[in-house]
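Here is the structure we will look at.
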Amino acid sequence: MQITIDEAKCCGAGQCVLVAPEVFDQRDEDGIVVLLDATPDAGQHAAVREAATICPAAAIQVRE
Amino acid sequence: MSAAHTPRPRIAVVGAAAAGLAAAEGLRRLGWDGEITLVGDEPHPPYDRPPLSKHVLSGSWEPERTALRDAGQLTELGLDLRLGTRAVAYDPERRALTLGDAGRTVLRCAGVIVATGVLPRTLPGGDGVEGVHVLRTLDDALALRRRLATPGRRLAVVGGGVLGAEAAAVARALGHQVTLVGTEDTVMGRVLGPEVGRLLADVHRAQGVTLRSGQAVTGIRAEAGRATGVVLANGTVVEADDVLLAIGSVPAVDWLRGPGAEAVGLDLSDGLRCDEFCAAAPGLYGAGDVARWYHPGLGRELRIEHRMNASEQGLAAARNLLAELDPERFGERRPFTPVPYFWSDQYDLKLQAHGVLAGADRTEVRVLGKDPLRLAALYGTAGRATGILTIGLPPRRTRSLRALIATPAPWPEAITGLTETVEA
Ligand SMILES: Cc1cc2nc3c(=O)[nH]c(=O)nc-3n(C[C@H](O)[C@H](O)[C@H](O)COP(=O)(O)OP(=O)(O)OC[C@H]3O[C@@H](n4cnc5c(N)ncnc54)[C@H](O)[C@@H]3O)c2cc1C
Ligand code: SF4
């Protein structure tokens, strides 16, 4: 799995951090998403897919 | 059901925007290998609405950027995608969906997810008048943007809710003369309460927006088919070249009405009424702005017109529909009990709200700074904290405030948590 994020689209909702805290974080200044792990291991995949589906800014792209 | 006649069972998702796409994507990801028909009456592939009143209106994003998925991602989902096609009827007993295409195609379905959203309210006298706008679709946003491309326009925004406030902010930043006409003395006061509403009104005033509060708009003034202003209840006229109506919306459920709906007792009085599983009838689920459902955690019905809910509920409806169709394979249905979330961007301010704020019987607002406005607020009902709002607070602090209302804390305890968080 390969994750990419589009910072310019992110609205800082932080839903990704709630769903997959080991993969996503947010910058302190403006809440923009920080990708902690672009190629997480299999145990994280379901959570990452869910984060990509519910991200309200469609800022998370997943390639498998 | 006539599944034997069709090679692959079909699930139809009606409405091809945020909620419909999340539902379709959820169905695939959860393992549905039958047909997924995604029906949308707009000509565009699924796109996102929040940027319309922000980056698209301001001109900083081209329309393509609002696409929710690229062509490759849509192809991967293997959808039977029918754009530019309206669903015109549904018979819940036969599970038959009628499309408004030339052949009036009837699709027999294993299940249907309704994600048809809402339609903007309009004012009498505004139909067909040039210069009168609503802002719901990409085409609406581009139409208003074209008008705002000419400098020095006078824009009257009717409605002091989130949509009106965002559009006013963008038009002001572009240098236009903007009048915000609402029936309250506040901006977003109906949802955020009078105290925060007044602070936001101050922000808009300081940015040069004229607020005409306390007056209902009774009509649109036009000359030769062109808008020239809006008429207020006290008879005065706000002169304008363009009028944006941001006065709320109505759920798009009319296509569901009919004897079939009555036979199974569908309640369409404020959106499609669903139970805690997002089910409106056997095999029929609702998601997004159109769906009113019972939230068991809060013990009440909600219908939420926010972007986050559209995705979350789309996914939840997909999961529960699959569980209904094949519990052995997809497991038990689960109640949908989210902590609602919305944000709004106005000028350089980012508002973030978690939980339920509207209708609170108490609020506690802590103003942390006035220029720029920074604040944290707590909203409560019946002795418990149910919602939080932050403006200009770091995400970690917003998340710790969210924890106070994820399971509604008793009010005094939440106040202590608020104090600790803002003073940390
Ligand atoms: C300008 C704007 C700005 C916003 N900003 C924010 C924000 O900052 N933060 C936030 O949280 N929320 C925001 N929202 C709200 C958010 O965009 C909505 O909650 C979200 O779009 C709801 O998605 P949905 O899929 O439920 O409905 P919709 O997006 O309304 O999609 C429904 C789709 O179904 C189609 N349809 C309707 N009837 C039929 C039919 N019979 N057959 C086929 N298709 C049909 C419609 O044409 C539409 O394409 C904003 C909304 C707008 C309009
Ligand atoms: S969920 Fe999406 S919008 Fe929210 S912080 Fe994560 S990437 Fe950004």
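The values are calculated or read from the model by the stated rules, or taken from the named source; none is laboratory data. Just so it is clear, the structure is predicted and the values come from calculations on it, not from any experiment. A quick note on method: Cβ atoms are made from the backbone with ideal geometry, for glycine too, and the neighbour counts reach across all protein chains shown. Accessible surface areas use protein heavy atoms only, side chains included; no ligands, DNA or RNA. Shrake-Rupley method; radii C 1.70, N 1.55, O 1.52, S 1.80 Å.
What number of residues within segment B:220-230 satisfy the criterion of being hydrophobic (A, V, I, L, M, F, W, C) and open to solvent by 40 Å² or more (accessible area, probe 1.4 Å)? Steps first, answer last, please.
We begin by selecting, within segment B:220-230, every residue hydrophobic (A, V, I, L, M, F, W, C); these are B:220, B:222, B:224, B:227, B:230.
Subset that is open to solvent by 40 Å² or more (accessible area, probe 1.4 Å): B:222, B:224.
Matching residues across segment B:220-230 total 2.
Limited to segment B:104-133, what total is found for residues that are closer than 29 Å to B:ALA67 by Cβ and surrounded by fewer than 20 Cβ atoms within 10 Å (Cβ to Cβ)?
Result for segment B:104-133: 6.
Here are some conditions: (1) away from chain A (no Cβ under 14 Å); (2) of a type in the set (Gly, Ala, Ser); (3) open to solvent by less than 20 Å² (accessible area, probe 1.4 Å). B:GLY359 meets all but one. Which one does it not meet?
It fails just one condition, (3).
When residues of segment B:156-181 are filtered for being more than 15 Å from ligand 1 (Cβ to nearest atom) and in a helix (DSSP H, G or I), how many remain?
Total meeting the criteria: 2.
If I filter segment B:46-70 down to residues being surrounded by fewer than 19 Cβ atoms within 10 Å (Cβ to Cβ) and in contact with a strand residue (DSSP E or B) (Cβ under 8 Å, 6 or more places away or on another chain), which single residue comes out as farthest from the other protein chains (Cβ to nearest Cβ)?
B:PRO63
Do we find that B:ARG273 is touching a Lys or Arg at 6+ places or on another chain (Cβ under 9 Å) and among the basic types (Lys, Arg) in this structure?
On the way: touching a Lys or Arg at 6+ places or on another chain (Cβ under 9 Å): yes; among the basic types (Lys, Arg): yes.
When the stated conditions are applied, B:ARG273 passes them.
Among the residues of segment A:41-64, write down those that are within 11 Å of chain B (Cβ to nearest Cβ), among the polar types (S, T, N, Q) and over 14 Å from B:ARG307 (Cα atoms).
Result: A:GLN61, single match.
Go through segment B:395-412 and give me each residue that's in contact with a helix residue (DSSP H, G or I) (Cβ under 8 Å, 6 or more places away or on another chain) and farther than 19 Å from B:PHE342 by Cα.
B:ALA409
Which of the strands (runs of 3 or more DSSP E) found entirely inside segment B:255-352 contain at least 2 residues meeting this: open to solvent by less than 50 Å² (accessible area, probe 1.4 Å), within 16 Å of ligand 2 (Cβ to nearest atom) and within 14 Å of another protein chain (Cβ to nearest Cβ)?
Working: elements: B:272-274, B:279-281, B:284-286, B:291-295, B:300-302, B:341-346.
Filter on segment B:255-352 gives B:341-346.
Scan segment A:16-60 residue by residue and report those that are touching a helix residue (DSSP H, G or I) at 6+ places or on another chain (Cβ under 7 Å), more than 16 Å from ligand 1 (Cβ to nearest atom) and of a type outside the set (D, E, K, R).
If the condition is that a residue be touching a helix residue (DSSP H, G or I) at 6+ places or on another chain (Cβ under 7 Å), more than 16 Å from ligand 1 (Cβ to nearest atom) and of a type outside the set (D, E, K, R), then A:VAL19, A:ALA20, A:VAL23, A:PHE24, A:GLN26, A:VAL33, A:PRO40, A:ALA47, A:ALA51, A:ILE60 are the ones that fit.
Considering every residue within segment B:4-19, establish whether at least one is over 25 Å from B:ASN309 (Cα atoms), among the polar types (S, T, N, Q), open to solvent by 10 Å² or more (accessible area, probe 1.4 Å) and more than 14 Å from chain A (Cβ to nearest Cβ).
yes
Table: residues versus (1) open to solvent by 60 Å² or more (accessible area, probe 1.4 Å); (2) more than 13 Å from every other protein chain (Cβ to nearest Cβ); (3) not in a strand (DSSP E or B).
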| residue | (1), (2), (3) |
| --- | --- |
| B:GLY72 | no, no, yes |
| B:LEU81 | yes, yes, no |
| B:THR85 | no, yes, yes |
| B:ALA89 | no, yes, no |
| B:GLU93 | yes, yes, yes |
| B:ALA102 | yes, yes, yes |
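Could you please find all residues in segment B:90-113 being of a type in the set (A, V, I, L, M) and near ligand 1 (Cβ under 9 Å from one of its atoms)? Give the derivation first.
To start, the set of residues in segment B:90-113 that are of a type in the set (A, V, I, L, M) comprises B:96-97, B:99, B:102, B:106-107, B:110, B:112-113.
Of everything in segment B:90-113, just one residue is of a type in the set (A, V, I, L, M) and near ligand 1 (Cβ under 9 Å from one of its atoms), namely B:LEU99.
Regarding B:ALA22, is this residue under 24 Å from the mean Cα position of the chain (by Cα), within 16 Å of ligand 2 (Cβ to nearest atom), hydrophobic (A, V, I, L, M, F, W, C) and closer than 30 Å to B:GLY175 by Cβ?
Details: under 24 Å from the mean Cα position of the chain (by Cα): yes; within 16 Å of ligand 2 (Cβ to nearest atom): yes; hydrophobic (A, V, I, L, M, F, W, C): yes; closer than 30 Å to B:GLY175 by Cβ: no.
Spelling it out, it is not the case that B:ALA22 is under 24 Å from the mean Cα position of the chain (by Cα), within 16 Å of ligand 2 (Cβ to nearest atom), hydrophobic (A, V, I, L, M, F, W, C) and closer than 30 Å to B:GLY175 by Cβ.
Output the number of residues of segment B:390-424 satisfying the condition of being open to solvent by less than 40 Å² (accessible area, probe 1.4 Å), within 14 Å of chain A (Cβ to nearest Cβ) and hydrophobic (A, V, I, L, M, F, W, C).
The number of residues fulfilling the criteria is 4.
Restrict the check to segment B:234-251 and report whether at least one residue is more than 28 Å from the chain's Cα centre (by Cα) and hydroxyl-bearing (Ser, Thr, Tyr). Spell out the reasoning first.
Start the filter on segment B:234-251 by keeping residues that are more than 28 Å from the chain's Cα centre (by Cα), which leaves B:234-239.
This time we only want the ones that are hydroxyl-bearing (Ser, Thr, Tyr), so: B:236.
Yes, some residue in segment B:234-251 is more than 28 Å from the chain's Cα centre (by Cα) and hydroxyl-bearing (Ser, Thr, Tyr).
Only one residue in B:PRO7, B:PRO51 is more than 21 Å from B:ASN320 (Cβ to Cβ) and in a helix (DSSP H, G or I), so which one is that? It would help to see each step written out before you state the result.
Numbers: B:PRO7 fails: in a helix (DSSP H, G or I).
Only one candidate passes the filter, namely B:PRO51.
For a quick check of your reading of the model, give me the residue pairs whose first member lies in segment B:69-93 and is under 24 Å from B:ASP139 (Cα atoms), whose second is aromatic (Phe, Trp, Tyr), with beta-carbon atoms closer than 6 Å and at least 6 apart or on different chains.
B:ALA87/B:TRP255; B:VAL88/B:TRP255
Considering only segment A:14-36, state which residues are near ligand 2 (Cβ under 9 Å from one of its atoms), at pLDDT below 90 and under 18 Å from B:ASP348 (Cβ atoms).
A:GLY31
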